[in-house]
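Novice: Can you keep this structure in mind? I'll have questions shortly.
Every number here is computed from the coordinates shown, using simple stated rules; none is lab data. This structure is a prediction, so every number in the text was calculated from the model and none was measured. Cβ placement follows ideal geometry from the backbone for every residue including glycine, while neighbour counts extend to all protein chains displayed.
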Amino acid sequence: MDAYQSVGIRRRLKRFFRRDGRALIFAMDHGFEHGPTDFEPVWEHINPRIIIRKVVRAGIDGVMMLPGIVRMAGDEVKSDRGLMVKLTSKTNLRPKEEQLLQSQLGFVDDAIKLGADAIAATVYWGSPQEDVMMRQFAEIASYAHDLGFPVVQFAYPRGPYINEKYGRKEDYRVVMYGARAAAETGADMIKTYWTGSKETFAKVVDAAAGVPVLLSGGAKTENPLDFLNVVWEVIEAGGAGAVVGRNIFQRENPEPMIKALIRVIHRNEDPEEAAKAEGLI
Ligand SMILES: O=P(O)(O)OC[C@H]1O[C@](O)(COP(=O)(O)O)[C@@H](O)[C@@H]1O
């Protein structure tokens, strides 16, 4: 028989993933991590209730937020969708060298009180502060797993040594290293960068050794089809979906983009067909 905790972890993961094992999750920690200017393109989305209501209505599988925003708008996330509470972050106001650290801003108990289905934390692999983030992740994972909660790692390699050695943080050798490190530190779900091609992303998926790997959305693309093409390649590479912020909330009307993403992720539709069907092109 399984330990009670294993049952809890499995059940809670199912709130994000559909039967196809894939998920589309909305990310909304940008007001803290990047600052309110990220919302300027569509200012009404600075109000968490407004944007979360829209994405939930459009059919999103899960939502990721920091604890304070869950307190304000968590009840907009219907109980059949996954709620992911992230416990680490940083502001863009810090001195540049300190931006290679995500600090812990809340505790697993807080996330559970808020109704979380999964607990998330970032590790900047390769950062001079890697040690601090590894320890934070280990403490969060150990405590959350003990209580039957899955943990999500935003495995983001970054730092001067990576730039020096590989030229860019999106080099697949570094991204797959981060994904592997996330799997080896006990993540139940991994979110990471696009490596630029289906072939290289497939290696990232392999390196994660069965732990689902989701794309981290990135900056909004002018042409919606460009983003849908990337997500399609992620799926083709064996990725488990995407965690998307700016490509959703920086659009005047996020609904068609979400519906097109659902077509690509869950219905294996061709990105161009999906974009046309939703009136994006
Ligand atoms: O550290 P970066 O690359 O500036 O971006 C971090 C942001 O990207 C995310 O991981 C994903 O959001 P986006 O889809 O907007 O890239 C957010 O959770 C986070 O705020």
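Novice: Go ahead and collect, in residue order, the members of the range 238-260 whose backbone nitrogen is under 17 Å from a label point 7 Å along the Cα-Cβ direction of K78.
Specialist: 255-256, 258-260
Novice: Collect residues whose amide H, placed 1.01 Å from N in the peptide plane, falls under 5 Å from the amide H of K86; neighbours closer than 5 in sequence don't count.
Specialist: Under 5 Å from the amide H of K86: M65, L66, A120.
Novice: If I take all pairs of Cα atoms in the range 7-121, what percentage of them are more than 24 Å from each other?
Specialist: Here the long-distance tail beyond 24 Å is 27 percent of all Cα pairs in the range 7-121.
Novice: Could you go through the range 144-160 in sequence order and give the Karplus-derived ³J(HN,Hα) for each residue, using 6.51 cos²θ - 1.76 cosθ + 1.60 with θ = phi - 60°, rounded to whole Hz, and x for Gly and Pro?
Specialist: Whole-Hz 3J(HN,Hα) from phi for the range 144-160: 5, 4, 4, 9, x, 10, x, 10, 10, 10, 7, 8, 10, x, 6, x, x.
Novice: With an 8 Å Cα cut-off and a minimum separation of 6 or more residues, compute the relative contact order for the chain in percent.
Specialist: In percent, rounded to a whole number, it is 18.
Novice: From the phi angles alone, apply the Karplus equation (6.51, -1.76, 1.60; θ = phi - 60°) to the range 239-247 and give each ³J(HN,Hα) in whole Hz, x where the residue is Gly or Pro.
Specialist: So the Karplus estimates, Gly and Pro as x, are x, 9, x, 8, 10, 10, x, 4, 5 Hz.
Novice: Considering the alpha-carbon set of the range 4-278 alone, what are its Rg and its Dmax in angstrom?
Specialist: Over the range 4-278's Cα set, Rg and Dmax evaluate to 17.2, 47 Å.
Novice: Multiplying the sequence separation of A3 and R18 by 0.36 nm and subtracting their Cα-Cα distance, what value in nm do you get?
Specialist: 3.0 nm
Novice: Could you work out which residue, out of R94, R57, R49, moves most in a Gaussian network model of the chain, that is, has the largest mean-square fluctuation with Cα springs under 10 Å?
Specialist: With Cα springs under 10 Å in the chain, the top fluctuation among R94, R57, R49 is at R94.
Novice: Calculate one ³J(HN,Hα) per residue across the range 177-192 by plugging θ = phi - 60° into the Karplus curve 6.51 cos²θ - 1.76 cosθ + 1.60, and present them in order as whole Hz with x for glycine and proline.
Specialist: 5, x, 5, 5, 4, 5, 4, 6, 9, x, 5, 9, 7, 10, 10, 8
Novice: Additional query: Collect residues whose amide H, placed 1.01 Å from N in the peptide plane, falls under 5 Å from the amide H of A27; neighbours closer than 5 in sequence don't count.
Specialist: Placed amide hydrogens put M64, V244, G245 under 5 Å from A27.
Novice: Right, another one. Is there a pair in K90/K198; K203/K259; K14/K78; K14/K276 whose C-alpha atoms are over 20 Å apart, and which pairs would that be?
Specialist: Distance filter (> 20 Å) returns K90/K198; K203/K259; K14/K276.
Novice: Ranking request for peptides 265-271, 80-86: highest mean number of other beta-carbon atoms within 10 Å first, then the rest in descending order.
Specialist: 80-86, 265-271
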